[in-house]
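Chemist: Below: one structure in structure tokens.
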Amino acid sequence: IVKFDSSESISMQRSRMLAIGANRIEMHGLHLQWTVASGEIDGGSLISMNDNKLVRLSDCTITVENPNRRDEVYAFDVITDPEMIPLRRRDDVGNPSGSLPLVAIELENVIVRGEMTMIHMDFAAELQLQWDNGLLAVSRRMIDTAGALDEPSATAGPIQLSINRLTAYAPRGLVRMRLGVSGAYPVMIDREARNSVFEFDPGVPHFEITGLTNISDETTPVLLRGEANAYDAETTLSDPVLTLADRAGNRRSIRMSDTLAQSYSWEDERSPRWAVRWSRQELPGVPPSRLMPSDFHQDGTVLSGFEERELPRLPAMTESMAALATIPAPSSAVSPAAAVVPEAAAAAAAANSPSIPGDPGEGPAKFVDPQKVIRP
């Protein structure tokens, strides 16, 4: 278990519990827990990163408790604004060729839950999210992003979501892209999902893109592909799959019933199911950070969603945790060697609480089990 505690004092800066920058990182068998303090007025993130070629989590859980429901709280905060990148790396991010910064996240047998949005991007990047077998239970969205900082070239990669055997509970929708003065350029969203289950609040669009110059079908920056997915939908199928809004405030929604009545060039969903036979009548009245895989059991034999026997077992949330070792979270400016906790350093941390180089002012992170190691 790795438990992060942020300061209770009021802070006007967004906290970053684990700042990995562009350093590749792999985590296996870790339970990451963060309780957002009441003083975190501007929110924060569990994992802060820049352009990154690989962040891999396997057999892990992420739990973010946000009792005050701060809006800007994220599991992953992706920062690719060149002004926020260390000087020596700004040329790598600000690419004049029209390509987008690459951000690759791979999740296998992972549970993410909490009062938050899972992934936030300050500007749209070439996000490659691959998730095989998992549970997403959050209070807001899976992804929230602005548009691209510079106009992408014709060969720029899309935001690519490759999802398999996922049960996703995201009341405010799957993806929202906000185009504006900063981040004005849309980026294609390519979602391919198989054998997955999606549950959203009634009337909430699965995908929402605002600030477009044109909302015609020919310019829709979304590609939805998939097979054998199930949607917990209203019986009238009136829930919007996609909502587009232009700069003048005009809105256009394509509802589930529309996708059955006619074909769209951007939609290729095979064998979808528009109902989910939950074993429960309704979700228990607890925050998303307390939801369990058992709350998403289904009746029947032909099921989509996670394979529970392959998911990690969630630890009990408790305040009486032993062997706390306090070390500063690594910043985006540290070297790859400083971005990990080797066995010797972790053992020393339990006894002497040494420091790992980081930005001044980085909040402390408490590592509960010094034997759990984050490997590069």
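Chemist: Within the range 104-143, restricting attention to residues that are out of contact with any helix residue (DSSP H, G or I) (no Cβ under 8 Å at 6 or more places or on another chain) and of a type in the set (S, T, N, Q), which residue is surrounded by the most Cβ atoms within 10 Å (Cβ to Cβ)?
Modeler: Looking at the filtered set, the residue picked out is Thr117.
Chemist: Additional query: Where residues in the range 144-169 are hydroxyl-bearing (Ser, Thr, Tyr) and under 18 Å from Phe207 (Cβ atoms), which of them is surrounded by the fewest Cβ atoms within 10 Å (Cβ to Cβ)?
Modeler: Only one residue fits best here, namely Ser162.
Chemist: In addition: Do any strands (runs of 3 or more DSSP E) lying entirely in the range 103-150 carry at least 1 residues that are within 11 Å of the chain's Cα centre (by Cα) and closer than 16 Å to Arg56 by Cα, and which ones are they?
Modeler: Qualifying strands (runs of 3 or more DSSP E): 117-121, 126-138.
Chemist: Of the residues that sit in the range 30-87 and are among the acidic types (Asp, Glu) and not in a strand (DSSP E or B), which one is modelled with the lowest pLDDT? Show your work before the answer.
Modeler: Taking the range 30-87 and keeping what is among the acidic types (Asp, Glu), we get 40, 42, 51, 59, 65, 71-72, 77, 81, 83.
Within this subset, residues satisfying the condition of being not in a strand (DSSP E or B) are 42, 51, 59, 71-72, 81, 83.
On the way: Asp42: 78, Asp51: 93, Asp59: 98, Asp71: 86, Glu72: 93, Asp81: 88, Glu83: 81.
Looking at residues that are among the acidic types (Asp, Glu) and not in a strand (DSSP E or B), I get Asp42.
Chemist: Yes or no: Glu319 surrounded by fewer than 17 Cβ atoms within 10 Å (Cβ to Cβ), at pLDDT 95 or above and either farther than 23 Å from Gly134 by Cα or charged (D, E, K, R) (or both)?
Modeler: Working: surrounded by fewer than 17 Cβ atoms within 10 Å (Cβ to Cβ): yes; at pLDDT 95 or above: no; either farther than 23 Å from Gly134 by Cα or charged (D, E, K, R) (or both): yes.
When the stated conditions are applied, Glu319 does not pass them.
Chemist: Test of understanding: among Asp268, Asp295, which residue is assigned to a helix (DSSP H, G or I) and surrounded by 13 or more Cβ atoms within 10 Å (Cβ to Cβ)?
Modeler: Asp295
Chemist: Condition first: of a type outside the set (Ser, Thr, Tyr) and over 28 Å from Glu26 (Cβ atoms). Can you find one or more residues in the range 129-147 that meet it?
Modeler: yes
Chemist: Checking Gly180 against (1) free of Cβ contacts under 8 Å to residues at least 40 places away in the same chain; (2) in contact with a Gly (Cβ under 7 Å, 6 or more places away or on another chain); (3) in a strand (DSSP E or B), which single condition isn't satisfied?
Modeler: Tallying (1) free of Cβ contacts under 8 Å to residues at least 40 places away in the same chain; (2) in contact with a Gly (Cβ under 7 Å, 6 or more places away or on another chain); (3) in a strand (DSSP E or B), Gly180 fails exactly one: (3).
Chemist: Can you tell me which residue is surrounded by the fewest Cβ atoms within 10 Å (Cβ to Cβ) among those in the range 222-257 that are polar (S, T, N, Q) and assigned to a loop (DSSP other than H, G, I, E, B)?
Modeler: Filtering first and then ranking leaves Thr235.
Chemist: Out of Pro272, Pro221, report the one residue that is touching a Phe, Trp or Tyr at 6+ places or on another chain (Cβ under 8 Å) and in contact (Cβ under 8 Å) with a residue 12 or more places away in the chain.
Modeler: Pro272
Chemist: Collect the residues in the range 51-76 that are buried (at least 21 other Cβ atoms within 10 Å of the Cβ) and farther than 17 Å from Glu106 by Cβ, keeping them in residue-number order.
Modeler: Thr63, Val64, Asn66, Val73, Tyr74
Chemist: May I pose another question? Would you be able to tell me the number of residues in the range 232-289 that are among the charged types (D, E, K, R), closer than 30 Å to Asn68 by Cα and out of contact with any helix residue (DSSP H, G or I) (no Cβ under 6 Å at 6 or more places or on another chain)?
Modeler: Let us first name the residues in the range 232-289 that are among the charged types (D, E, K, R), namely 232, 234, 239, 246-247, 251-252, 255, 258, 267-270, 273, 277, 280, 282.
Subsequent filtering for residues that are closer than 30 Å to Asn68 by Cα retains 232, 239, 280, 282.
Okay, now just the ones that are also out of contact with any helix residue (DSSP H, G or I) (no Cβ under 6 Å at 6 or more places or on another chain), so 232, 280, 282.
Matching residues across the range 232-289 total 3.
Chemist: Please find, among Val187, Val175, Val204, Val197, the residue that is touching a helix residue (DSSP H, G or I) at 6+ places or on another chain (Cβ under 8 Å), on the phi < 0 side of the Ramachandran plot and modelled with pLDDT of 95 or more.
Modeler: Val197
Chemist: If I go through the range 26-72 residue by residue, how many of them are farther than 17 Å from Arg113 by Cα, of a type in the set (Val, Ile, Thr) and more than 16 Å from the chain's Cα centre (by Cα)?
Modeler: Number of matching residues: 1.
Chemist: Take the range 14-29 and flag every residue that is part of a strand (DSSP E or B) and touching a Ser or Thr at 6+ places or on another chain (Cβ under 9 Å). Break it down into steps so the answer makes sense when it comes.
Modeler: Initially, the range 14-29 is screened for residues part of a strand (DSSP E or B), giving 15-21, 25-28.
Answer for the range 14-29, where residues must be part of a strand (DSSP E or B) and touching a Ser or Thr at 6+ places or on another chain (Cβ under 9 Å): Ser15, Arg16, Met17, Leu18, Ala19, Ile20, Gly21, Glu26, Met27, His28.
The values are calculated or read from the model by the stated rules, or taken from the named source; none is laboratory data. Since this is a predicted model, take the numbers as computed values, not measurements. Don't worry about glycine lacking a Cβ; one is built from the backbone with ideal geometry, like all the others, and counts go over all protein chains shown.
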